[in-house]
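The structure under discussion appears below in the form of structure tokens.
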Amino acid sequence: MDNLAIIHIGKCGGSTVLDELKFNKIKHAKIHMQEAIYQPNKKYVIVIRNPIKRFISAFNWRYYLVCDSRQQFDKYNNEKTILNKYKNVDNLCNDLKINPHIFNGSPSSGNYIHHLKEDINFYLKNFIKKCPKKQIFGIICTETLKKDMKNVFNIDVTLHKKNNSKYNKNITNENYKILKSYLKNDYIIIHKMYEYGWINDEQYDFLKK
């Protein structure tokens with residue numbers, strides 16, 4: 001297929017998907033860290049994840065790269081300071097309910113955390129208004145990745161590129177509610193994907209939580 005485009009929403013397992021496609025010599029273009037612009041000559045695969053799990057994974061990955069390993073400690077202005085201030089998502093949520101603009105400025109603004117501003121809504125808010133179902137080749141969810149890769153590409157996944165396993169992925173019930181409210185636009189996108197028939201019942205059950 002020469003017209004396949006992968007919408008790789010950050011921290012959704014996209015690196016694993018792309019590595020598998022490369023390994024299996026499946027041609028594709030990649031849309032990553034930018035808004036997806038619908039093109040009628042393309043077929044699309046969207047790599048997506050439950051918004052709250054994606055948020056937690058993104059925070060932990062940035063904390064690792066910026067603060068722990070220091071591989072990217074000076075990549076974005078003031079990112080290291082923000083990450084060191086909060087250290088985990090629970091602490092971040094304590095302030096997020098008061099100030100929803102802690103980290104979602106421009107990359108040079110000083111109040112930016114990479115991958116947190118670039119949420120599901122960032123990638124898909126305009127794309128979903130224009131793309132018909134017939135142009136959706138498949139949806140790959142992190143939570144059902146192996147099954148989805150088999151269904152969409154007939155690939156048995158053997159690779160996994162990134163791992164944040166040493167960081168806490170759990171948050172309090174109160175902070176879960178705070179994040180669900182903060183990420184409401186992501187959940188609206190997911191509900192529309194379900195209404196449009198892009199995702200199945202099993203995928204929706206994971207994504208809507």
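So the values come out like this:
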| read-out | value |
| --- | --- |
| Total charge dipole magnitude, the chain, about the Cα centre, Cβ charges on Lys, Arg, Asp, Glu only, Debye to nearest 20 | 180 |
| Electrostatic dipole magnitude of segment 46-107 [Cβ: Lys, Arg +1; Asp, Glu -1; Cα centre; debye, to 20] | 140 |
| Estimated vicinal HN-Hα couplings, Hz - segment 42-53 in sequence order (Karplus 6.51, -1.76, 1.60; Gly, Pro = x) | 10, 10, 10, 10, 10, 9, 9, 8, 3, x, 6, 5 |
| Label-to-label distance, nm, for residues given as Asn104 and Ala29 (7 Å Cα→Cβ offset) | 2.9 |
| Selection from Thr81, Gly13, Phe55 lying farthest towards where the dipole of the chain points positive, charges on Cβ | Gly13 |
| Amide hydrogen neighbours beyond the local backbone of Ile136, cut-off 5 Å, H modeled | Tyr44 |
| Footprinting exposure proxy for Tyr196, Tyr167 (fewest neighbouring C-beta atoms within 10 Å first) | Tyr196, Tyr167 |
| For segment 112-163, size of Cβ-based charge dipole, Lys and Arg +1, Asp and Glu -1, in debye | 220 |
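FYI, it's all coordinate maths here, none of it is from the lab. Given the structure is predicted, the values throughout are model-derived calculations rather than measurements. A quick note on method: Cβ atoms are made from the backbone with ideal geometry, for glycine too, and the neighbour counts reach across all protein chains shown.
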